[in-house]
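> Take this structure, written in C-alpha cells, and hold onto it; I'll ask about it next.
The values are calculated or read from the model by the stated rules, or taken from the named source; none is laboratory data. On a predicted model such as this, the values are computed, not experimentally measured, just so you know. Cβ sites come from the backbone with ideal geometry, for glycine too, and all protein chains shown count toward neighbours. Just so you know, the surface numbers come from the protein's heavy atoms only, side chains and all, with ligands and any DNA or RNA stripped out. Shrake-Rupley method; radii C 1.70, N 1.55, O 1.52, S 1.80 Å.
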Amino acid sequence: MSFKDMVADDIHNVFLNLEELAEKRTIEYDGERYADIPIVLKGIKERDRRQLVSDHVQGLFLATTVLHCALDDLGGNQPEKGTLIRINDEEGGGGFFHVFYVASSICEMGMLRVELEAIGE
C-alpha cells in the first residue's frame, strides 16, 4: 500500500471518524445538497469586525470557523473564496442552516480545510 493510499484511508478512518471527532451534517454549496456527510467544524468564534470610516453600523460582529471534510464528500467540488456555503446544525438534514462566506479553501491530499466567515448581531 502506498503512502497516498494510507492517507486516503485515514481521511474517514481517523480524521473524519464519527465516533471520535466528526459529526454528520448537511452542506449546501453551489446549488448542490450533500446530506449527512462527516465533517469537523471547529467552534464558531466571535470577534468585533473591522469597520471602515464610512461604515456606521453598530453592534455587528464577525463569526469565524473552520470546516474540515473530504473532497469526495462534496462531489469533488472545492469551495471557492467569496462563495456562500450553508451548513445545518443537526444530523438528518433538518435544523437550522448557518450561512457562511468562504474566506479561504485549501485541499491537501483529498482533505478540505475551509475557513468560513459570517456577520452576526
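> Please give the contour-minus-distance gain from A63 to T83: 0.36 nm per residue of separation, less the Cα-Cα distance, rounded to one decimal in nm. Numbers along the way, then the final one.
Working: separation 20, 0.36 × 20 = 7.20 nm, distance 1.60 nm.
Computed gain between A63 and T83 is 5.6 nm.
> Show Y101, Y29 ordered by accessible area, largest first, where the area counts protein heavy atoms only and the probe is 1.4 Å.
Details: Y101 125, Y29 15 Å².
Result, largest first: Y101, Y29.
> Would you mind getting me the FRET efficiency between H12 and Y101? Use the beta-carbon distance for r and R0 = 35 Å, nearest 0.05. Write out the running numbers ahead of the final one.
On the way: r = 27 Å, r/R0 = 0.78.
Plugging the Cβ-Cβ distance into 1/(1 + (r/R0)^6) gives 0.80.
> Can I ask one more? Just from its helices, what would the mean residue ellipticity at 222 nm be for the chain, if runs of 4 or more DSSP H residues each count -39500 (n - 2.57) and the sum is divided by every residue, rounded to the nearest 500 deg cm²/dmol?
Values: 1 runs with 8 residues, N = 121.
For the chain, the value works out to -2000 deg cm²/dmol.
> If you take every residue apart from R33 with its C-beta less than 13 Å away from the C-beta of R33, what net charge results, scoring Lys and Arg +1 and Asp and Glu -1?
Values: positive: R25, R86; negative: E28, D30, E32, D36, D73.
With Lys, Arg at +1 and Asp, Glu at -1, the neighbours total -3.
> Answer with one residue from S104, A70, G94: the one whose Cα lies farthest towards the positive end of the charge dipole of the chain, charges on Cβ with Lys, Arg +1 and Asp, Glu -1.
S104
> Separate question: So, counting K/R as plus one and D/E as minus one, what does the shell of residues with Cβ under 12 Å around S104 add up to?
Values: positive: K81, R113; negative: E80, E115, E117.
Counting the neighbours of S104, the net charge comes to -1.
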